[in-house]
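The structure appears below as structure tokens.
The values are calculated or read from the model by the stated rules, or taken from the named source; none is laboratory data. Keep in mind that this is a model prediction, so the values were computed, not measured. When we count neighbours, we look across all protein chains shown, and the Cβ atoms used for this are built from the backbone with ideal geometry, even at glycine.
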Amino acid sequence: MAEKPHMNLVIVGHVDHGKSTLFGRILVDTGAVKKEELEKLKEIAAEYGKEGFELAYLLDKEKEERMRGVTIDVAHRPFETSKYFFTVIDAPGHRDFVRNMITGASQADCAILVVSAKPGEGVQEQTKEHVFLLKVLGINQLIVAINKMDTANFDQKRYEEVKQQIINLLKPLGYKVEEIPFIPVSAWTGDNVVKKSDKMSWYSGPTLIEALDKYFKVPARPVDKPLRIPIQDVYSITGVGTVPVGRVESGVLRPGDTVVFEPAGVKGEVKSIEMHHQQIPEAKPGDNVGFNVRGISKNDVKRGDVAGHPDNPPTVVKEFTAQVVILDHPTVIAPGYSPVFHIHTAAVAGRITEIIAKLDPKTGQVQQEHPDFIKKGDSARIKVVPIKPAVVEKFQEFPALGRFAIRDMGRTIGAGIVLDVVKAK
């Protein structure tokens, strides 16, 4: 494990705009992947009749993904720049897989937005949806890669056109566009990804890799806050015992600590902590760890539970107030509607009991008190009652446990942040 500061990076953008190929290119050109692995993938790609997909295959491990040429799950691959150690979260652009994209983005510190410069492509519906989600999920560090410059003859005019489209999308959402680099790249040929391009002499800015070091800052790691570890999985390992796995969002975990898992309410003692298959003396915010807990069984804890210390346990809520943005809904949303809220690693059905106010999406000012309904494109403050016990925290106190996506009918209905909570008795 490198001693460099660790950052979680998510890559977002419309399907087929070249996200996986871009990542593959980064992994190959930074030396994170060996030539042999690439050669092997070239053969597989040829077998599937998908020549040119070998870079994407570095991330798309599932056979189904390779056959269809789309990214389904969220792949984690590490790579290093001169300054940082990055874990890459490759978020699927394909709309069936938005749920995974949310799980990925909600763990990220920073993002690369990929937009294709290919004539006829540029900013698409999903580019908008992804940028919207990044904003609501509180990811403000952004780099834009204008990809497929090779399909536009490395033309500056086309670059400027696409750049303007993206600025028009980002600016109203409150992104400081003057602080965001727009980098013309070709993931396919490697231009301006790690190596400077000789085909775009009109561009004098940094390469993509240089931009990662120059523009991204490690976010404050809340070590002084109470411990919160949303659980992603629980394993039962022979000879070891029960091992929950998750990312430390705040606080510090050490062997010997007593931890409580909520909403399950079970307690146990931490015997050891592992990261990247090595035992570590303590786990801090940003660390993805597995920790062996004595006194609990695999069936006591599940994905979506949150671990904390008993003196300041994770908050189990009776209801919460949230600010939401409705991205997509075929009709209207009224009190009584019960979609699924994806919050940290949990997926909880919740009933919207009240629409407190409709807001102006650009300014956040109240437009209407207690409207009868809200619809696609609206922003609102709502009250939600989870149907089963769930851990929910205020966004201001624990950002990672206070932002969520709303899903229903196989699509993302909206996203939001938690403003206030009412604790369960």
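Of 121, 129, 125, all but one fail to be farther than 30 Å from residue 218 by Cα, at pLDDT below 95, in the same structural domain as residue 201 (by TED's automatic domain parsing) and crowded, with 18+ Cβ neighbours inside 10 Å; the exception is 121.
If the condition is being assigned to a loop (DSSP other than H, G, I, E, B) and crowded, with 19+ Cβ neighbours inside 10 Å, then the stretch 316-344 contributes 327, 329, 337, 339, 344. If the condition is being among the basic types (Lys, Arg) and either under 22 Å from the mean Cα position of the chain (by Cα) or within 16 Å of residue 18 (Cα to Cα) (or both), then the stretch 118-170 contributes 118, 128, 135, 148. Please work out if residue 15 is modelled with pLDDT of 55 or more, in a loop (DSSP other than H, G, I, E, B) and closer than 22 Å to residue 126 by Cβ. Spelling it out, residue 15 is indeed modelled with pLDDT of 55 or more, in a loop (DSSP other than H, G, I, E, B) and closer than 22 Å to residue 126 by Cβ. Under the condition of being buried (at least 20 other Cβ atoms within 10 Å of the Cβ) and in a helix (DSSP H, G or I), the residues counted in the stretch 144-157 number 2.
Scanning the stretch 189-230 for residues that are over 25 Å from residue 286 (Cβ atoms), of a type in the set (D, E, K, R) and surrounded by fewer than 21 Cβ atoms within 10 Å (Cβ to Cβ) gives 195, 196, 198, 199.
Listed by first and then second residue, the pairs linking a residue in the stretch 174-185 that is under 16 Å from residue 131 (Cβ atoms) to a residue that is of a type in the set (S, T, N, Q), with Cβ atoms under 8 Å apart and 6 or more places separating them unless they lie on different chains, are 175/140. Residue 277 falls short on exactly one of the conditions (1) at positive phi; (2) touching a residue at least 24 places away in the same chain (Cβ under 8 Å), and that condition is (2). Scanning the stretch 371-392 for residues that are surrounded by fewer than 24 Cβ atoms within 10 Å (Cβ to Cβ) and part of a strand (DSSP E or B) returns 375, 379, 381, 383, 385, 386. Residues that are at pLDDT 95 or above and surrounded by fewer than 20 Cβ atoms within 10 Å (Cβ to Cβ) do not occur anywhere in the stretch 231-246. Scanning the stretch 218-241 for residues that are in a loop (DSSP other than H, G, I, E, B) and in contact with a Leu (Cβ under 9 Å, 6 or more places away or on another chain) yields a total of 1. For the stretch 393-418, filtered to residues that are among the aliphatic types (A, V, I, L, M) and out of contact with any helix residue (DSSP H, G or I) (no Cβ under 7 Å at 6 or more places or on another chain), the residue that is surrounded by the fewest Cβ atoms within 10 Å (Cβ to Cβ) is 409. Checked against the criterion of being assigned to a strand (DSSP E or B) and basic (Lys, Arg), the stretch 296-315 has no qualifying residue. Suppose the filter is assigned to a helix (DSSP H, G or I), closer than 19 Å to residue 201 by Cβ and touching a Phe, Trp or Tyr at 6+ places or on another chain (Cβ under 6 Å); does residue 163 pass it? In short, yes. One residue stands out in the stretch 289-315 among those that are among the polar types (S, T, N, Q) and buried (at least 19 other Cβ atoms within 10 Å of the Cβ): the one that is farthest from the chain's Cα centre (by Cα), namely 292.
Residues in the stretch 155-178 that are over 16 Å from residue 126 (Cβ atoms) and among the β-branched types (Val, Ile, Thr): 2 in all.
Of all residues in the stretch 247-258, those being within 14 Å of residue 271 (Cβ to Cβ) and either surrounded by 13 or more Cβ atoms within 10 Å (Cβ to Cβ) or in contact with a Pro (Cβ under 8 Å, 6 or more places away or on another chain) (or both) number 5.
Here the stretch 169-188 is the region considered, the condition is being more than 14 Å from residue 116 (Cβ to Cβ) and of a type in the set (Val, Ile, Thr), and the residue that is surrounded by the most Cβ atoms within 10 Å (Cβ to Cβ) is 180.
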